[in-house]
Amino acid sequence: MFRNLIPLLLFFLVTSASSVYSKEDKNEVMVITVNSVINPVTAEYISKGIKKAQSSNKEALVIELDTPGGLDTSMRSIVKDIMASEVPVVVYVSPGGARSASAGVFITLAAHIAVMAPGTNIGAAHPVAIGEKMDKTIAEKATNDAAAYIKTIAEKRGRNAKWAESAVRKSVSSTENEALKDNIIDFVSKDLNTLLSDIDGRKVQTALKERVLRTRNASIDRLEPGLRHKILSLISDPNVAYILMLLGFYGIFFEMTNPGSIFPGVTGGICLILAFYSFQTLPVNYAGLLLIILAIILFILEVKIISHGVLTIGGIIAMVIGSLMLFETPGPFVRLSLSLVLPAVIITALFFTLTISLALKAHRRKPVTGREELIGMEGIAKTDITQEEGMVSLHGELWSAFSGEPIAKDDRVVVEEVRDLKLKVRKQGG
């Protein structure tokens, strides 16, 4: 009897082991990639990733990070989401050559597990003024605030708080090996699969409870940005925002000079609204924006006022300076490219000058239809013309006419005035 039970027992053990292995093999890790400036679009994307990882019960959320920094408000929003996350968040500074600078340092230190790839670096988190000047007192307050904030994050995660403070106050940076040695990060992993093996079995304290990661051989579920996020990320680029602003000015101006065109006005309005949305996510210097508007006004005045090119030169100078000032910040990631600014200035000057010139020429051109067309036209008297009546031929058409002087038949006449359907004419050369 026991001999018959042994095969059944072995079958049960093998089946149970297979079931356990299958369950572990089904563990999933969600991965999102952030390789841009930290802005409201980035914050929304990371927040969405955390919520989706929680709702789908993922083992962890891995954020592949490569950023030069970004906005303080967006960074703090991301840090708060990570701190409140019920799913372990792993920040992986990758691939080789990537960096986690400025705002990225705060995000990396806030992660439950911080990992870097070979050939990456982290640091330089000193706060800078974006879009405005900071005097010494305000700069000191901003630095102290950022230093206290990053120390709190580092201490919460058990990382090197002294280094974190130096990253803010002295803008220190470290390579991946230095960061590992100084207890800034937890691992150096060459790729994502190695990372999942390295963090397997690691205990982390989430906002809800302590969790043990089971990530070895876990399947990867990548959360790609949706179309909305891609569009918002695209228009948040300072160069794209600048182009949208100019296209908006072009469209609105063309619609005003050519009422009823509709398409240019609608397109210009959409472009301006998108540009203004971009300005909400970018460090706009409104002095630069005013200089650009002044430049457009000078281009328009150049056509109406004889300045011998002075207004055009002034407009070009104002627009170049305004464009360079539009996004004023020490960080190169929110500056306009000079290779974009110069062609844009030249095209804008030509556009407004040409458009205004054509509009004025059209306004001054002699009408070719209606009563105005007849004034000054030459014709031939078909009958004798008196102060009361007569007939003239204009372009093969017969018109009733009168004149203040006697005109003989077959004399050439010139139209002086149109009264109802009767022409007042004079003798040509008279």
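Figures for the structure shown
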| quantity | calculated |
| --- | --- |
| Tabulated pairs, region 98-109, first closer than 11 Å to Glu64 by Cα, second of a type in the set (Asp, Glu) and not in a helix (DSSP H, G or I), C-beta under 6 angstrom, 6+ apart or interchain | Ala98/Asp66 |
| Where a residue in region 370-382 is at negative phi and its partner, wherever it lies, is at pLDDT below 80, with Cβ under 6 Å and at least six apart | Glu373/Pro367 |
| Residue check for Val14: open to solvent by less than 30 Å² (accessible area, probe 1.4 Å), of a type outside the set (Ser, Thr, Tyr), in a helix (DSSP H, G or I) and modelled with pLDDT under 95 | no |
| Qualifying residue in region 260-272 (condition: among the β-branched types (Val, Ile, Thr) and part of a loop (DSSP other than H, G, I, E, B)) | yes |
| Qualifying strands (runs of 3 or more DSSP E) (wholly inside region 111-220; at least 3 residues being over 31 Å from the mean Cα position of the chain (by Cα) and modelled with pLDDT under 95) | 203-205, 210-212 |
| Residue satisfying all of: in region 60-90; assigned to a helix (DSSP H, G or I) and either open to solvent by 30 Å² or more (accessible area, probe 1.4 Å) or acidic (Asp, Glu) (or both); nearest to Val115 (Cα to Cα) among these | Met83 |
| Some residue of region 283-296 being within 25 Å of the chain's Cα centre (by Cα), in a helix (DSSP H, G or I), among the polar types (S, T, N, Q) and buried (at least 18 other Cβ atoms within 10 Å of the Cβ) | no |
| Residue in region 37-59 that is nearest to Phe279 (Cα to Cα), counting only those that are assigned to a loop (DSSP other than H, G, I, E, B) and open to solvent by 40 Å² or more (accessible area, probe 1.4 Å) | Ser56 |
| The listed residue being in contact (Cβ under 8 Å) with a residue 60 or more places away in the chain, open to solvent by 40 Å² or more (accessible area, probe 1.4 Å), out of contact with any helix residue (DSSP H, G or I) (no Cβ under 8 Å at 6 or more places or on another chain) and on the phi < 0 side of the Ramachandran plot, out of Lys162, Lys190 | Lys190 |
| Pairs, first at negative phi in region 45-64, second open to solvent by less than 20 Å² (accessible area, probe 1.4 Å) and among the polar types (S, T, N, Q), C-beta under 6 Å, six or more apart | Ile50/Ser85; Glu59/Thr215; Glu64/Ser94 |
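The values are calculated or read from the model by the stated rules, or taken from the named source; none is laboratory data. Note that the structure is predicted; figures quoted are calculated from it, not measured. Glycine also receives a Cβ, built like all others from the backbone with ideal geometry; neighbour counts cover every protein chain displayed. Protein only, heavy atoms only, side chains kept; ligands, DNA and RNA dropped before computing areas. Shrake-Rupley method; radii C 1.70, N 1.55, O 1.52, S 1.80 Å.
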